[in-house]
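Heads up, the thing below is written out as structure tokens.
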Amino acid sequence: MSLQIVSNREIGMDRALVVPENQNSTRRMRRIVAGLSAEAWAARLPNGWSVPVTLAHLAFWDQRVLHVIQVAQANGALSAPYLDGQLNDILTPILSAISPEAAGELALRTAEALDSALEACSEDLYTRLLEHNPRFVQRHLHRNHHLDAVELATQSV
């Protein structure tokens, strides 16, 4: 039912392996979003989030990395300050205001844009992103973690 999360060691931080893993998680997200019924959209995950909030959450964090890439490309330097760990709690009411369909589309559109940006960025920038935070390039780890929860919460709906 769910895909196994691949560890950093298993993929060896190799760009040729990371890019397809990110693309696979985006395709998985597309399949899940396309198959959700009205009841499934309303399902609550173990953390209390709805499916749309979870997808909007993924869109936010993918957008954060996309922004880091765009700024680095424009300025020639990587700038990715730490974001407070409470940000998820702060954003939840805002993300809840997004319609289910808009949250799904936003998550997919952002994941696809980030996948393309990571694939197209220079080797130097890719390496700097990886060194700064491996999860900046291994987006599939974050996506699959939440997609596992979405599938689990919606399987009986």
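For segment 129-155, filtering for residues that are closer than 16 Å to Val18 by Cβ and either without any contact (Cβ under 8 Å) to a residue 12 or more places away in the chain or surrounded by 17 or more Cβ atoms within 10 Å (Cβ to Cβ) (or both) leaves 13. When the criteria are applied in full, Thr110 meets the requirement of being surrounded by 18 or more Cβ atoms within 10 Å (Cβ to Cβ), without any contact (Cβ under 8 Å) to a residue 60 or more places away in the chain and hydroxyl-bearing (Ser, Thr, Tyr).
For Arg135, the requirement of being in contact with a helix residue (DSSP H, G or I) (Cβ under 8 Å, 6 or more places away or on another chain), part of a helix (DSSP H, G or I) and at pLDDT below 95 is met. Test Arg64 against the criterion of being under 27 Å from Val33 (Cα atoms), of a type in the set (Lys, Arg) and either part of a helix (DSSP H, G or I) or out of contact with any strand residue (DSSP E or B) (no Cβ under 8 Å at 6 or more places or on another chain) (or both), and give yes or no. Criteria met by Arg64.
With respect to Val137, determine if the residue is β-branched (Val, Ile, Thr) and touching a Phe, Trp or Tyr at 6+ places or on another chain (Cβ under 7 Å). The answer is yes for Val137. Of all residues in segment 37-54, those that are within 18 Å of Ala97 (Cβ to Cβ) have Cβ atoms under 7 Å from Cβ atoms of residues that are basic (Lys, Arg), 6 or more apart or on another chain, in Ser50/Arg44.
Go through segment 22-66 and give me each residue that's acidic (Asp, Glu) and surrounded by fewer than 19 Cβ atoms within 10 Å (Cβ to Cβ).
Glu39
When segment 67-100 is limited to residues that are in contact (Cβ under 8 Å) with a residue 24 or more places away in the chain and of a type in the set (Gly, Ala, Ser), the one that is surrounded by the most Cβ atoms within 10 Å (Cβ to Cβ) turns out to be Ala72.
Residue-level check: of (1) on the phi > 0 side of the Ramachandran plot; (2) under 17 Å from the mean Cα position of the chain (by Cα), Trp49 misses just (1).
From the list Ala80, Ala120, Ala74, Ala107, the one residue that fits, being in contact with a Phe, Trp or Tyr (Cβ under 8 Å, 6 or more places away or on another chain) and of a type in the set (Gly, Ala, Ser), is Ala80. Candidates are the residues of segment 31-56 that are of a type outside the set (A, V, I, L, M, F, W, C) and in contact with a helix residue (DSSP H, G or I) (Cβ under 6 Å, 6 or more places away or on another chain); the one that is farthest from Asn144 (Cα to Cα) is Pro52.
The values are calculated or read from the model by the stated rules, or taken from the named source; none is laboratory data. Because the structure is predicted, anything quoted here is derived from the model rather than measured. Every residue, glycine among them, receives a Cβ derived from its backbone with ideal geometry; neighbour counts consider all protein chains shown.
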